[in-house]
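Below you'll find the structure, written out as structure tokens, and then a few comments.
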Amino acid sequence: MNSTSFGLHLVGILPARWGSSRFPGKPLHILAGKPLIQHVWDRCLGCSKLDEIFVATDDNRIRDVVLGFGGKVIMTSPEHPTGTDRLAEAVKSLPHATHIINIQGDEPLIDPALIDDLAAAMMADPELPMATAANIIDDEAAIADPNVVKVVLDASGHALYFSRSPIPYRRTTPAGLVVYRHKGLYGYRRDFLERFVTWPPSVLEQTESLEQLRALENGARIRVLITTDDSIGLDTPEQALLVESLLLSSSR
């Protein structure tokens with residue numbers, strides 16, 4: 001059952017820009033016979049709790065490809081500094097949307113069930129401003145990798161802090177200690193998203209280059225769902241062969 005029955009309207013939006021500094025044109029990179037953005041779109045079609053799905057882009061080439069495979073597109077400004085700003089502009093054309101799920105356009109292996117779980121968390125607590133997801137990691141190289149974002153939680157499952165550094169710092173290793181890898185999937189209540197993008201970039205956000213820290217610095221709660229989905233995204237051209245092999249393996 002989707003959210004409309006509860007007086008809510010959940011929209012999944014995939015921000016997709018052409019001008020990635022590390023991988024220009026990434027959304028249209030072909031993997032296993034399809035552009036990256038189509039793989040993510042197809043995953044989203046497996047969700048049961050999203051009322052609508054859109055790609056938010058700044059580029060006509062991406063628009064044309066998405067329309068070509070039957071997707072829906074919202075055109076946005078090329079000037080946005082973050083995907084969240086692009087998301088907020090896209091939502092202006094969706095007055096019926098009460099909650100928005102930000103699905104990274106470079107996550108072709110994401111589990112549709114995780115997206116549904118995040119949507120369900122937003123539906124269960126309509127006052128929750130923001131939610132995201134994380135999975136346990138025990139790979140020391142990944143824990144030390146600044147490209148892998150870590151998150152620590154409070155006792156009720158809300159984020160205390162996100163960092164590119166290993167957190168918590170393990171001076172000791174008490175029983176029950178786990179390290180969580182943050183996944184770039186977000187749910188927002190509409191009014192919170194609209195307020196979030198009016199706040200100036202915060203000091204910690206600029207230091208770590210992690211915009212979710214802006215929410216924490218402004219006192220917002222971020223619910224963190226713990227998932228077993230440990231799928232990876234496509235960040236650089238060098239990762240393309242690995243991601244493609246994983247896609248081919250998952251389709252067998």
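Rule-based calculations on the coordinates, nothing more; no lab input. What you see is a predicted model; the values in this text were computed from it and never measured. Cβ sites come from the backbone with ideal geometry, for glycine too, and all protein chains shown count toward neighbours.
Of the numbered conditions (1) of a type in the set (Asp, Glu); (2) over 25 Å from LEU8 (Cβ atoms); (3) assigned to a helix (DSSP H, G or I), GLU79 satisfies every one except a single condition; which is it?
(3)
Of all residues in region 204-214, count the ones that are among the hydrophobic types (A, V, I, L, M, F, W, C) and over 15 Å from the mean Cα position of the chain (by Cα).
1
Scan region 73-90 and give yes if some residue there is basic (Lys, Arg) and more than 17 Å from GLY184 (Cα to Cα), otherwise no.
no
Consider SER77 carefully, then state whether it is farther than 20 Å from ALA90 by Cα and hydroxyl-bearing (Ser, Thr, Tyr).
For SER77, the condition - farther than 20 Å from ALA90 by Cα and hydroxyl-bearing (Ser, Thr, Tyr) - is not met.
Residue by residue through region 19-58, note down the ones that are in contact with a helix residue (DSSP H, G or I) (Cβ under 7 Å, 6 or more places away or on another chain), assigned to a loop (DSSP other than H, G, I, E, B), without any contact (Cβ under 8 Å) to a residue 60 or more places away in the chain and over 19 Å from ALA88 (Cβ atoms).
Listed by number, the list holds a single entry, SER20.
Return the total of residues in region 188-218 being over 17 Å from ALA131 (Cα atoms) and not in a helix (DSSP H, G or I).
Matching residues across region 188-218 total 6.
Out of the residues in region 217-238 that are under 15 Å from GLY25 (Cβ atoms) and of a type outside the set (Asp, Glu), state the one that is farthest from the chain's Cα centre (by Cα).
Selected residue: PRO237.
Can you find a residue in region 175-192 that is surrounded by 19 or more Cβ atoms within 10 Å (Cβ to Cβ) and over 17 Å from the mean Cα position of the chain (by Cα)?
Scanning region 175-192 turns up at least one residue that is surrounded by 19 or more Cβ atoms within 10 Å (Cβ to Cβ) and over 17 Å from the mean Cα position of the chain (by Cα).
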